[in-house]
Amino acid sequence: MKKLFLSICFSLLCWQVNEVWAKATAFDSLEQAQSFQENKQPFTPVEDNSPDPTDPKAMDEFILDRLKKVAITQLDPKNDPNKASSMNMQHSDEYIAMMKEKNKSFLEKVYDAAINRISSESPTGRADVQDSQTLFYEFKEEQKEEFQAPDFPVVNIELPNKTQVLVPAQEHIPYLSSQIEILPSGLVSFNDEITVVATGKKLKNGLSRIIPKFSTSRDGTTNRINLNLVSVSVNGQEIPHKIIEQADEYVIVPQDNYSLEPGVYTYNFQYLVDRQIWKYDDFNEFYWDITGGRWNLIISRAFVSISFPGKERPLSSLVFLGYPGALTTQGTAFAEGENSIGFASLIPLYIGEGMHILLSFPKESFIAPDINTKINWFLSDFGDIVISSLALLTLLISYLLSWKSISQNKTKGNNYFKKGAPLLRLLYKGVFDKISFGTFLLEIYRKNIIDIQKSDDNILLVKKTDNLSSLEKAEKKALNSLFSKNDAILALNSTNQLKFKRAFALLEKATQKKLKALSLKLNAGYLLFGFAMLVFAEFAIALLNINFVQALFVLLSSSVMIAFYLWMSKRKFKSALLSFILKLLCWGIIGGTIVVMSAYIHLVSAIFIACSIYAIFAYCAIFAKRSGLIKSCIQEVINFREYLLRNKENICLGRDFLNQQANIFALDLAEDFVSNKNIQEYYKLDIMLEAFAKRKGA
């Protein structure tokens, strides 16, 4: 079918040209010329305006007309005027230019026209199509055999109809042919054959095929087309390719990168497109841009053949060439068969130009889609919105149910609180105060690192060891800020107030971090559930995309970026202006990330995903408050305080008091636990009460 179509197109191109050839014979003598004249066949006119040689008046008018187009050349002084070669007539400059143009090869005319059109002052960058159309025609078959190479570098290529042609050795597309088969279901099969000349400039990594991602109807309705890649071959060898998404288009690219060496290559792209046919009340319509207008290459020749279902002829068939907003039907040829039609571009297509076809068919030419097809189309159009909205709704409902469960406060406290006395105090009172600092001193006293003594009116801290392995990192820093290298005794007085303030700040920061870590631990289940729901939704959305891996990578990386900058937007600085600038910058990046996501999914879906991430952060922050998940820890602290009071007598019988002394002080139970002979050796609550009752901040 393709060869038949090409033959038709070449015939349409060739009928325009009717050339006349004349032959000249050289004679060595007058006798040869006279003998030739006697044996010459009767005159046969070769032009419609050739005069009858027997009519003197007609001959005079004919010769006079020819002489008007003749210029007399000057004799060269060096030549002998008696020789016949010394006198001649030369055609005018216009005639010479015309003959020179006439004798140019087809490709010379093509690229001369390209230069003229590129330099054109037309707003569209192209000269008048009608004027340039006369430059493009095919030689007759016998002239093709005598084809002479132009005077610039050329390469030989073979067209699909086995014709050998010489083309400039410049990067361009000498030939593009697209075979389109429209099936009764509305599915469209494409077989694009593209011959390219590569020189290693633009086509370093091969030729890519760009397919529009969306199809638009007459009334402005848009839907995403379904694209399936069948195969891609280069010079007959199949090369693995994949489809990637870029903004509003699909791009068929090599699966593995490779370098294309200079040479001539024939690419064959085979793919299927669904949802490119729009169904209206009275007819169905198919539109396609054959060249796409996206290659940064000149296309010398472009052909397309379309076969359609049934024997019903298209209601209309149109082809347009040119730039967007400056399309024309001039410079095209048309041919038709029993159930197929074909179009050809008679002029080259330059960078940015497209070849658009528009066909209308009767309604009965196609089968109405079934329910499964309609569901698949709906999911293709709105599946990402459905999935992202369900994910967001599931998160909201689950968090609300969780909050209801937390509000009921069914948690039972443990008998022993192992989170440290300063954190115990922070949970009990909600602040880190001087009592919290006192619990730290009692903790390191229990670990036998310092001793707490009273000498007259002074309270002294005595460092007993330099082995601090039992302390946490923040506790080590706090202790080192109290005791310098050469000091082993520190008095709790105003003289050392700066040291105590530094240690207090370090401990406060470390205790607040512990509270956040506790909150994160409590929220771990909700965080995992939220992010698992989000990842599952993005996985399902990626499955709806044409390139699953690419879509999933974009969605996951975008979600991570949104989460990071949401977290960054909550950071605060001492400068209100700096905090505002940071927040503004973070929200700007989040907005840009949502826009990037919208290139692969609907903007609404991208917003829903961002809202899901925000919901996870918001609920975790709410749960971390004292009225949230921390509420259970607070209740645990209260239960632990009651436990200490209930077991006061038992605790005061031995070393258990030493282990609980810091906790007793943290929960304001120091006055309830009095010293006795069993615990007086390590009883320090009286000293702590005296020290921190005197000083409001240590």
Hey, could you check region 616-663 for residues that are free of Cβ contacts under 8 Å to residues at least 12 places away in the same chain and within 43 Å of the chain's Cα centre (by Cα) and say which is least open to solvent (accessible area, probe 1.4 Å)?
-> 618
Hey, could you check region 342-360 for residues that are open to solvent by 10 Å² or more (accessible area, probe 1.4 Å) and among the hydrophobic types (A, V, I, L, M, F, W, C) and say which is farthest from residue 176 (Cα to Cα)?
-> 358
Just checking, how many residues over region 481-492 are surrounded by fewer than 16 Cβ atoms within 10 Å (Cβ to Cβ), outside any strand (DSSP E or B) and either at pLDDT 90 or above or of a type outside the set (D, E, K, R) (or both)?
-> 3
Could you give me the residue pairs with C-beta distances under 8 Å whose first residue belongs to region 212-234 and is loosely packed, with under 11 Cβ neighbours inside 10 Å, whose second residue is not in a strand (DSSP E or B) wherever it lies, and which are 6+ apart or on separate chains?
-> 218/280
Residue 309 being open to solvent by less than 10 Å² (accessible area, probe 1.4 Å) and modelled with pLDDT under 90 | no
With the condition kept exactly as written, say whether any residue in region 334-356 is β-branched (Val, Ile, Thr), under 27 Å from the mean Cα position of the chain (by Cα) and farther than 16 Å from residue 187 by Cα.
-> yes
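Results for (1) in contact with a Phe, Trp or Tyr (Cβ under 6 Å, 6 or more places away or on another chain); (2) part of a helix (DSSP H, G or I), shown as yes or no for each residue.
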residue	(1), (2)
551	yes, yes
556	no, yes
580	no, yes
585	no, yes
589	yes, yes
601	no, no
618	no, yes
Scanning for something crowded, with 16+ Cβ neighbours inside 10 Å, modelled with pLDDT under 85 and part of a loop (DSSP other than H, G, I, E, B), does region 295-303 turn up at least one residue?
-> yes
Would you point out the residue of region 174-209, among those that are in a strand (DSSP E or B) and under 18 Å from residue 275 (Cβ atoms), that is most open to solvent (accessible area, probe 1.4 Å)?
-> 181
Please indicate, with yes or no, whether at least one residue in region 537-546 is under 16 Å from residue 617 (Cβ atoms), of a type in the set (A, V, I, L, M, F, W, C), open to solvent by 50 Å² or more (accessible area, probe 1.4 Å) and without any contact (Cβ under 8 Å) to a residue 24 or more places away in the chain.
-> no
In the set 505, 488, which member is within 23 Å of residue 435 (Cβ to Cβ) and either without any contact (Cβ under 8 Å) to a residue 60 or more places away in the chain or more than 52 Å from the chain's Cα centre (by Cα) (or both)?
-> 505
Among the residues of region 514-529, is any out of contact with any Leu (no Cβ under 8 Å at 6 or more places or on another chain), under 30 Å from residue 617 (Cα atoms), surrounded by 12 or more Cβ atoms within 10 Å (Cβ to Cβ) and modelled with pLDDT of 90 or more?
-> no
Lone unmet requirement of (1) open to solvent by 50 Å² or more (accessible area, probe 1.4 Å); (2) in a loop (DSSP other than H, G, I, E, B); (3) of a type in the set (A, V, I, L, M, F, W, C) for residue 471 = (1)
Given the conditions (1) without any contact (Cβ under 8 Å) to a residue 24 or more places away in the chain; (2) closer than 30 Å to residue 453 by Cα; (3) surrounded by 13 or more Cβ atoms within 10 Å (Cβ to Cβ), every one holds for residue 671 apart from (3)
Taking region 201-239 and keeping only residues that are under 18 Å from residue 289 (Cα atoms) and of a type in the set (Val, Ile, Thr), one is left with 210, 211, 216, 222, 225
Looking at region 567-574, is at least one residue under 21 Å from residue 387 (Cα atoms), open to solvent by less than 50 Å² (accessible area, probe 1.4 Å) and not acidic (Asp, Glu)?
-> no
Which members of region 262-292 meet the condition of being surrounded by fewer than 18 Cβ atoms within 10 Å (Cβ to Cβ), touching a Gly at 6+ places or on another chain (Cβ under 7 Å) and either farther than 22 Å from residue 187 by Cβ or at pLDDT below 90 (or both)?
-> 262, 292
Residues in region 553-575 that are free of Cβ contacts under 8 Å to residues at least 24 places away in the same chain, under 15 Å from residue 538 (Cα atoms) and of a type in the set (A, V, I, L, M, F, W, C) total 3
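Would you pick out the residues in region 235-251 that are open to solvent by less than 70 Å² (accessible area, probe 1.4 Å) and over 16 Å from the mean Cα position of the chain (by Cα)?
Going residue by residue through region 235-251, those that are open to solvent by less than 70 Å² (accessible area, probe 1.4 Å) are 239, 241, 243-245, 247, 249-251.
Those that are open to solvent by less than 70 Å² (accessible area, probe 1.4 Å) and over 16 Å from the mean Cα position of the chain (by Cα): 239, 241.
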Scan region 589-608 and report the pairs whose first residue is in contact (Cβ under 8 Å) with a residue 12 or more places away in the chain and whose second residue is outside any helix (DSSP H, G or I), with Cβ atoms within less than 6 Å and a gap of 6+ or a chain change.
-> 599/247; 600/245; 606/598
(1) assigned to a helix (DSSP H, G or I); (2) open to solvent by 30 Å² or more (accessible area, probe 1.4 Å) all hold for residue 678 apart from (1)
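So, in region 242-261, how many residues would count as being within 30 Å of residue 369 (Cβ to Cβ) and either of a type in the set (Ser, Thr, Tyr) or at pLDDT 95 or above (or both)?
Keep residues of region 242-261 that are within 30 Å of residue 369 (Cβ to Cβ), which gives 242-252.
Filter again for either of a type in the set (Ser, Thr, Tyr) or at pLDDT 95 or above (or both), leaving 250.
Of the residues in region 242-261, 1 are within 30 Å of residue 369 (Cβ to Cβ) and either of a type in the set (Ser, Thr, Tyr) or at pLDDT 95 or above (or both).
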Output for Cβ contacts, cut-off 8 Å, separation at least six or different chains, first residue farther than 18 Å from residue 622 by Cβ in region 385-400, second open to solvent by 50 Å² or more (accessible area, probe 1.4 Å) and aromatic (Phe, Trp, Tyr), reads 385/608; 388/608; 389/608; 391/536; 391/608
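The values are calculated or read from the model by the stated rules, or taken from the named source; none is laboratory data. Since we're looking at a predicted model, the values are computed, not measured. Every residue, glycine as well, gets a Cβ built from its backbone with ideal geometry; the counts of neighbours run over all protein chains shown. Each accessible area value is taken on the protein alone, full model and side chains, heavy atoms only, with ligands, DNA and RNA left out. Shrake-Rupley method; radii C 1.70, N 1.55, O 1.52, S 1.80 Å.
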